[in-house]
Amino acid sequence: MSSSNIPHVVLQSSSNHHRMPVIGFGTASMSPPSTTRVAVLEAIKLGYRHFDTASIYGSEQPLGEAIAEALQLGLIGSRDELFITSKLWCTDNFPHLVLPALQKTLRSLKLEYLDLYLIHWPIAVKPGDWEFPYPEEAVTSFDLKGVWKAMEECQKLGLTKCIGVSNFSCNKLENLLSFATIPPSINQVEMNPTWQQKKLKEYCQVKGIIITAYSPLGSTGCMWGSDNVVDNELLKEIAMAHGKSSAQVSLRWLYELGVTIAVKSYNKERMKQNLEIFDWSLNKYDNEKIDQVKQHQLSKIGPTKFIVDLWDGEN
């Protein structure tokens, strides 16, 4: 698919109404860096232009290498053709550490700016040599107001075009919006037919915050992932009726909700299929079936369970 055929959304809180492709290529992977670099290059060839990384993923450097190689090979004309998202990790969730963390991310990527920088989780972990998942004593109070002011400063400095959050509940967003000078453009959260987040989606819609769905296919193939989405019988029925896969049904459903998507597969055929969601649509009966899908929060069982438990307690 040509990159020009992928729809975009406009991030309203950016100073220049920055455009973001609705589907992004995720790089949270257990794969070695060389595999990520090759996968990103292949993704660029297929038409992906939005790439999602984070300091905790360990994929910033290979993503940066792939971008440099794509420029060298002429696969893209300039870095400006790409939309790059990264995230501030919990150990840097302190006002004085935000700018240094972003500068480190930019060095790893060998880029002058990000398109989007997110607070990864609304939790602060004391700097130190902690094993992950972190023990409870590693968690400390989170100065959201101070951290967000530092995020706003990063945008004003031009080091990121837009700022946003990830894994924020309605209550956390309400708190943030009460003092933010620049409101968050994005809230990146777990969302798929088996975890639909209806209340949060409605809240973000009212507030003009765009949702990006991570684990849109249930993170199948990851050690913390699940086949609940791709193996769901209702989704399989819908897929069969349309001549599509259950993965494509899930992605199309999210797109029709007005949600943007960060999808991760390093398999070339699936990478291609994940882009083939824009020239067909679901019908009323399909949506009624999807409404019936049993709900199950994936991040409750993964390596971030300890964070989710704390987050739930402060919703």
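The values are calculated or read from the model by the stated rules, or taken from the named source; none is laboratory data. Values in this document were obtained by computation on a predicted structure and should not be read as measured data. Glycine also receives a Cβ, built like all others from the backbone with ideal geometry; neighbour counts cover every protein chain displayed. Just so you know, the surface numbers come from the protein's heavy atoms only, side chains and all, with ligands and any DNA or RNA stripped out. Shrake-Rupley method; radii C 1.70, N 1.55, O 1.52, S 1.80 Å.
The residue list 109, 102, 97, 159 contains one member that is in contact with a helix residue (DSSP H, G or I) (Cβ under 6 Å, 6 or more places away or on another chain) and open to solvent by 20 Å² or more (accessible area, probe 1.4 Å), which is 159. Among the residues making up the range 50-81, those that are buried (at least 21 other Cβ atoms within 10 Å of the Cβ) and out of contact with any Gly (no Cβ under 6 Å at 6 or more places or on another chain) are 51, 53, 54, 59, 60, 62, 63, 64, 66, 67. Considering the conditions (1) hydrophobic (A, V, I, L, M, F, W, C); (2) crowded, with 22+ Cβ neighbours inside 10 Å; (3) closer than 17 Å to residue 11 by Cα, residue 173 is excluded by exactly one of them, (2). Number of residues in the range 16-49 that are open to solvent by less than 10 Å² (accessible area, probe 1.4 Å) and free of Cβ contacts under 8 Å to residues at least 60 places away in the same chain: the value is 2. If the condition is being within 14 Å of the chain's Cα centre (by Cα), closer than 16 Å to residue 82 by Cα and assigned to a loop (DSSP other than H, G, I, E, B), then the range 6-48 contributes 22, 27. Scanning the range 58-89 for residues that are part of a helix (DSSP H, G or I) and small (Gly, Ala, Ser) yields 64, 66, 68, 70.
Of the residues making up the range 142-156, those that are open to solvent by less than 20 Å² (accessible area, probe 1.4 Å) and free of Cβ contacts under 8 Å to residues at least 40 places away in the same chain are 144, 148, 152. Could you say which residue among 107, 49, 79 is over 19 Å from residue 262 (Cβ atoms) and in contact with a Leu (Cβ under 7 Å, 6 or more places away or on another chain)? Checking each option against the conditions leaves just 79.
Residues are listed down the side, and each one gets a yes or a no for (1) under 30 Å from residue 249 (Cα atoms); (2) of a type outside the set (A, V, I, L, M, F, W, C):
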position: 125; (1), (2): no, no
position: 129; (1), (2): no, yes
position: 141; (1), (2): no, yes
position: 154; (1), (2): no, no
position: 160; (1), (2): no, yes
position: 172; (1), (2): no, yes
position: 187; (1), (2): yes, yes
